[in-house]
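Engineer: Sending over a structure as structure tokens; questions will come in a sec.
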Amino acid sequence: MLVLLIVGICSLGVSLVLTPIFRDFFAFLEMVDQPDAHRKLHARPIPRVGGIAIAITYTLVMAAVLISGSFWKEMLAESGPSLRLLGRLLPAVAIVFLTGLIDDFRGLTPWQKVTGQIAAACWAFWAGVRPAPIPGHPELDLWLFPLSVLWLVFCANAFNLIDGLDGLASGVALLGAAGLLMAGLIHHHPVLSLAIVPLLGSLLGFLYYNFNPATVFLGDCGSLLIGFLLGCFGLMWNQHAATGLGPLAPLMAVAVPTADVAISVVRRFLRRQPIFYADHNHIHHRLLSLGMTQRKATLVLYGVSALAVTFAVLQTIVRPHIGTMLIVLFAVGAYVGIRKLRYVEFSSARNFLFTGEFRRMLRMRICLKEYEDALSNARNLKDCWAAVSEVCAAAGFRYVALGLDGEHFELGGEGRLIEHFPRMLIPVSGDGQMTFVQYTRASASAMWIAPIVEALEEKLKMEHSLKESPADATSVERLAAMATVTR
């Protein structure tokens, strides 16, 4: 414990010294992040080089730990392989840090950033950072590699996404690291604890300058780095907690960034937007839209993170059934919290699924598909009208009429009364016309009109082209006859 305290104090001191040095140096070079009053809410240009100070601090302290490992070999007894793991992990940390650094100063596309993260994750897996195999299921070992890579890339991007308010990403990372440290100490994993403490001290020293009002930002090099390191520590913890609910602790320890990524992916999927599409609807943006100040929103998310970390640690030490109750309670709290954020996408999706709208849309699609099939088999205008009248009856129109080529068809028998109801007149195939009259409360039936008319137009155009090309018509009829025989 004394060793961890010494390492933590050293990393804190180095971070407190290096952070303002890099901040002032890059501010002098005018390499700063400019505000835009949209997604970048700071009031003045601020250097985004905090990740450099954190990376150098962590590297220096960890190098000292590795070099002088014999000094505390009693503490690390029987942990030699794990200690060597930390040394093998440093190149992966360097890759993800350099990826973020290049993006900060030169700019990278989202896929270029992800490629660098995947390369770092692959190196980390080779170094030995991976989930523990599931006992009795060797066939699942093939999934360890993709799951490890996915988890590490996920964690790196999760902290990158929530780095939108002063002190938010660094404070949440600090709480997550503290939770994993507590779990490591409780369950006697000295090497994991020794790996976390330098990050904890680095983040604490950096947060002194990064909390609102911030004078320095993490930058992508910092947010990707701390997310990647926490992901690695989570997998290292998982190796010691492969049974019960212990493996869920890392996920709960980074609950806020995890929830933000999940919400963003689902929102963009519902809106049919690219996954990497940048917007201002992250969790912290929603809190600001509810009237909170930046500082209050950050403190609220600190509180949520602290609660999640507490749950994460508790469910590693309590009995399994109590741990399950904690997870259920945590999930219920997360659901209530997300409801409070008032995301339009989720309320719309909920209404669509649970108010009958989904069944109505599904029924509409089924009826329209049957209508298109009936049109494809129609041999004349009368057959087309039969298909139209059937789908219009299913849609709930009060009255439908079709006038084309000197013929007139009606559905509903109330043509003399149509002037008393809302109606739509749609031109069809040149000089033809369709009339639709809806029930006054069946406005949803208007959604049927466009696909009904478009499918009929397509059929009539096809018939017209067949009449102009007899040879083609013969070929089409022959193919239809062959299809009929095949069925």
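Engineer: Test ARG350 against the criterion of being among the charged types (D, E, K, R) and either assigned by TED's automatic domain parsing to the domain that holds PRO257 or more than 30 Å from ASP405 (Cα to Cα) (or both), and give yes or no.
Structural biologist: Considered against the rule, which asks whether it is among the charged types (D, E, K, R) and either assigned by TED's automatic domain parsing to the domain that holds PRO257 or more than 30 Å from ASP405 (Cα to Cα) (or both), ARG350 comes out as yes.
Engineer: Another one. Sort out which residues of segment 335-348 are assigned to a helix (DSSP H, G or I) and buried (at least 16 other Cβ atoms within 10 Å of the Cβ), and write them in order of number.
Structural biologist: If the condition is that a residue be assigned to a helix (DSSP H, G or I) and buried (at least 16 other Cβ atoms within 10 Å of the Cβ), then ILE338, PHE346 are the ones that fit.
Engineer: Return a yes/no flag: does segment 314-332 have any residue that is buried (at least 17 other Cβ atoms within 10 Å of the Cβ), under 20 Å from ALA173 (Cβ atoms) and of a type in the set (A, V, I, L, M).
Structural biologist: Looking for residues that are buried (at least 17 other Cβ atoms within 10 Å of the Cβ), under 20 Å from ALA173 (Cβ atoms) and of a type in the set (A, V, I, L, M), one finds none in segment 314-332, hence no.
Engineer: Quick check on segment 226-239. Is at least one of its residues under 27 Å from GLY333 (Cα atoms), at pLDDT 85 or above and aromatic (Phe, Trp, Tyr)?
Structural biologist: So far as segment 226-239 goes, yes, one or more of its residues are under 27 Å from GLY333 (Cα atoms), at pLDDT 85 or above and aromatic (Phe, Trp, Tyr).
Engineer: Within segment 279-295, can one find any residue that is surrounded by fewer than 16 Cβ atoms within 10 Å (Cβ to Cβ) and modelled with pLDDT under 85?
Structural biologist: Yes, segment 279-295 contains a residue that is surrounded by fewer than 16 Cβ atoms within 10 Å (Cβ to Cβ) and modelled with pLDDT under 85.
Engineer: Which of the helices (runs of 4 or more DSSP H) found entirely inside segment 98-202 contain at least 2 residues meeting this: of a type in the set (Phe, Trp, Tyr)?
Structural biologist: Details: elements: 110-127, 144-161, 168-186.
Because the criterion is at least 2 residues that are of a type in the set (Phe, Trp, Tyr), the helices (runs of 4 or more DSSP H) in segment 98-202 that meet it are 110-127, 144-161.
Engineer: Considering (1) over 20 Å from LEU218 (Cβ atoms); (2) more than 21 Å from the chain's Cα centre (by Cα), say which one PHE105 fails and leave the rest.
Structural biologist: (1)
Engineer: Let me ask you something else. Output the residues belonging to segment 328-340 that are among the aliphatic types (A, V, I, L, M) and either touching a residue at least 60 places away in the same chain (Cβ under 8 Å) or on the phi > 0 side of the Ramachandran plot (or both).
Structural biologist: Selection gives ALA334, ILE338.
Engineer: Sticking with this one: Are any of the residues in segment 138-150 closer than 25 Å to ASP33 by Cα and of a type in the set (A, V, I, L, M, F, W, C)? It would help to see each step written out before you state the result.
Structural biologist: Taking segment 138-150 and keeping what is closer than 25 Å to ASP33 by Cα, we get none.
Within segment 138-150, none of the residues are closer than 25 Å to ASP33 by Cα and of a type in the set (A, V, I, L, M, F, W, C).
Engineer: To continue, here is another question. Looking at segment 137-148, can you tell me whether even one residue there is in contact (Cβ under 8 Å) with a residue 40 or more places away in the chain and on the phi < 0 side of the Ramachandran plot?
Structural biologist: Yes, there is a match, as at least one residue in segment 137-148 is in contact (Cβ under 8 Å) with a residue 40 or more places away in the chain and on the phi < 0 side of the Ramachandran plot.
Table: residues versus (1) closer than 18 Å to PRO250 by Cβ; (2) under 25 Å from the mean Cα position of the chain (by Cα).
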position: GLY128; (1), (2): yes, no
position: TRP143; (1), (2): yes, yes
position: SER148; (1), (2): yes, yes
position: ASN157; (1), (2): yes, yes
position: LEU165; (1), (2): no, yes
position: LEU168; (1), (2): no, yes
position: GLY179; (1), (2): yes, yes
position: MET182; (1), (2): yes, no
position: HIS187; (1), (2): yes, no
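Engineer: Which of the following residues is touching a residue at least 60 places away in the same chain (Cβ under 8 Å) and over 30 Å from VAL266 (Cβ atoms): VAL391, VAL400?
Structural biologist: Working: VAL400 fails: touching a residue at least 60 places away in the same chain (Cβ under 8 Å).
Step by step, each of VAL391, VAL400 is checked, and only VAL391 is touching a residue at least 60 places away in the same chain (Cβ under 8 Å) and over 30 Å from VAL266 (Cβ atoms).
The values are calculated or read from the model by the stated rules, or taken from the named source; none is laboratory data. Computed from a predicted model, the values in this text were never measured in an experiment. Cβ sites come from the backbone with ideal geometry, for glycine too, and all protein chains shown count toward neighbours.
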